[in-house]
Amino acid sequence: MSKPTFYITTPIYYPSDKLHIGHAYCTVAADAMARYKRMRGYDVMFLTGSDEHGQKIERIATEKGVTPKEYVDDIVAGIRELWKLLNISNDKFIRTTDDYHEKAVQKIFEELYRRGDIYKSEYEGWYCTPCEAFWTEHQLKNGKCPDCGREVERTREESYFFRLSAYADRLLQYYEENPDFIEPVSCKNEMINNFIKPGLEDLCVSRTSFRWGVPVTFDDKHVIYVWIDALSNYITALGAFGEDDSLFRKYWPADIHLVGKEIVRFHTIIWPAILMALDLPLPKKVFGHGWLVLDGGKMSKSKGNVVDPVKLCARYGVDAIRYFLLREIPFGADGLFSNEALIHRINSDLANDLGNLIKRSESMLHKYFGGRLPAQQTSGAPDEELTSLAGEVKKNAEGFLDHMEFSNALAEIWRLISRANKYIDETQPWILAKNEADAPRLARVLYNLFESVRIANILLTPFMPETAALILSRLGTDKTGWDDAVWGGLPQEFTTEQHDSLFPRIDVETEMAYLSEMTAPKPAMKKPELAPTIGIEQFAASELRAAKVLSCEKIEKSDKLLKLTVDLGWETRQVVSGIANFYTPDQLVGKTVVLVANLAPAKLRGVESNGMILAADAGKEVRVVFLPDDIPAGSKIR
Ligand code: MSP
């Protein structure tokens, strides 16, 4: 019999300069869900990706002097690396610039036009470029975007419209007949009362004022509205409106679209209406999760209060961060990312509870039985409570996970971990060890401890895949599937090594200082005292040239200085630069730098320097200005 299917998606992310921990939150949750369902025997399709078109991207790329595609390629590579780092097990990554997606979106647009659900007219209203959202006058809040509070732009252009207004009744009926379609229920009420009941207006679905989008095939001065393009990803990724739609036939409709609460509107009004217009089945559920907030506000780059997931993972480990995200915040609600809470979770839950349980069990097994657990015979008083709790925890964790209650599921698993720790204090293995006749009982106690660890770890696998796999491999058992999380799976006799703590306790003071520095809003730079204005002739008196670093070494008896030999195209030069605290020689060799080539020679620590390498003062650090590798040595810079 074929497995039941489970299709879960995250939003596709805008390629902003850097994804922050708030973005990671949704993807980590989707990943835990996908892993859980795979363990439960589902054939899972887990989709994520990037949403790369739109006015915003076009503008940023223009400002940076690159093409939009060049701009997004670079950032999307970073997004994929972040998901790899976080052990995200997505089955597919879609880019809206993928050729197959663009073609399918064009077909979807054509089909909606052919059916009369898209028509041509003129748009006049307000547009929020950061949100890529249209607003009517009465939807604005104090004249600003009601979602992000930023300035909106008056827009007037010939446009195509989608007949959204025709779908209000059918949407309400669908919500009514499918009470689980929108969760949590607060999101559903908001959609009905704030958006559908006041009246749906037809949606402007094409733009002519910029080019970075999917062109309308039959009228190519128009590009397709980015949200139509983006929402379609959920079906184009499966091959719908493409050459091979077998995945679409297999996995659609989606079981869950997981999205942040501010984009529930697009997923529960616009998206279902488009699907209705195309005569396609609707997703089974749209789950709107809360935001991770910092100091009372949503994290955002413009506020300068973003927390970098790469730095957090490097410092505390990927699984500690995954655990924290899913444990600390009830999934539907907003949650405060607080430094204290992160440190507390790591020290209390991971180091103390989980880490200690394993460490204590391993060290007792080594102390009392030389690392090899012998067969056990007897059973004692608290055993029954522990074994039945393990069964109860599994059942409850399943119930919570089936309702996306990650935090409750983890709290449940921790009941077993805490109970096992208490079991050590109750059974007092150190007393049993004193009496030869108690050896079989002692062996039973240790068996029960390792069995609790094994079961807890199976249940933890969707949340902390690396840690759980590591612990399970130490137990030398192949009973690691979800259905193996029942008492008695561990062999009666087994051997294990002693290992270092999985989660060493971290120093609260040091880590608070580190995190405060990382999460503090970075104030905008104060205007510095600028040097007096100069004329172009005065600037032109500086001879700036591209120089290739041929070799580089530290200067003895100096902490700060590096000696470099650079190629200027027509000659080589020796230059001394005070950057040894920031670069090692091998980070510079082969690079192209900017040399002030007509600076009078000077001696630094007795070493001659013929020129100066340009660098930026970046806070406490110094960063060399590197040029692209393909710029020939000696090129003039002006
Ligand atoms: N591109 C659209 C989604 C299109 S889906 C067809 C988009 N992209 S986004 O990059 O701005 O946001 C992606 C997701 O990250 C959203 O679900 C958003 O809610 C989520 N988050 C962004 N900041 C967040 C927090 N601070 N906390 C939790 N989630 C947050 O919207």
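In terms of its alpha-carbon gyration tensor, the chain comes out oblate; a/c meets the 1.5 threshold, while b/c is at least as large as a/b.
Pairs of Cα atoms nearer than 8 Å and 6+ residues apart set the relative contact order; for segment 494-623 it is 19 percent. Per-residue extension of 0.36 nm, minus the Cα-Cα distance of K197 and D220, leaves a gain of 4.8 nm for this segment. Over the residues of the chain, the helix contribution to mean residue ellipticity at 222 nm works out to -11500 deg cm²/dmol, using -39500 (n - 2.57) for each DSSP H run of at least 4. Annotation: the residues L460, L442, L112, sorted from fewest to most other C-beta atoms within 10 Å of their own C-beta, follow the order L112, L460, L442. Placing dummy labels 7 Å off each Cα toward the beta-carbon, the span from V486 to E517 is 5.3 nm. Annotation: extensible slack from E177 through A333 equals 53.6 nm (criterion: 0.36 nm per residue apart, minus Cα-Cα distance). Close amide H pairs (under 5 Å, H built 1.01 Å from N) link Y123 with E157, E158, S159, residues at least 5 positions away or on another chain. Hydrophobic long helices, here whole DSSP H runs in the chain with Kyte-Doolittle means of at least -1.0 and Cα atoms spread over 24 Å or more along the helix axis, are found at 21-39, 68-85, 383-402, 406-427, 439-460. Apply the a/c threshold of 1.5 to the C-alpha gyration tensor of segment 179-248 and tell me whether it is rounded, prolate or oblate. Judged from the Cα gyration tensor, segment 179-248 comes out oblate (a/c at least 1.5, b/c at or above a/b). Indicate the gyration tensor shape class of segment 548-595 (rounded, prolate or oblate), computed on the Cα atoms with a ≥ b ≥ c the square roots of the eigenvalues: a/c under 1.5 is rounded; otherwise a/b larger than b/c is prolate and the rest oblate. Prolate. In segment 298-429, Cα pairs under 8 Å separated by at least six residues give a relative contact order of 28 percent. Site pair D425 and R605 shows an inter-label distance of 5.8 nm when each label is modelled 7 Å from Cα along Cα→Cβ.
Here segment 507-556 is treated as a sphere whose radius is the Kirkwood value from Cα pairs; by Stokes-Einstein at 20 °C and 1.002 mPa s it diffuses with a coefficient of 125 µm²/s. Within segment 584-618, find all residues whose amide N lies under 19 Å from a label point positioned 7 Å from the Cα of D74 along Cα-to-beta-carbon. Counting only backbone N, you get 591-594, 615-618.
Quick note: the coordinates plus some simple rules give every number you see, no bench work behind them. The structure presented is a predicted model; accordingly, all values stated were derived computationally and were not measured. Every residue, glycine as well, gets a Cβ built from its backbone with ideal geometry; the counts of neighbours run over all protein chains shown.
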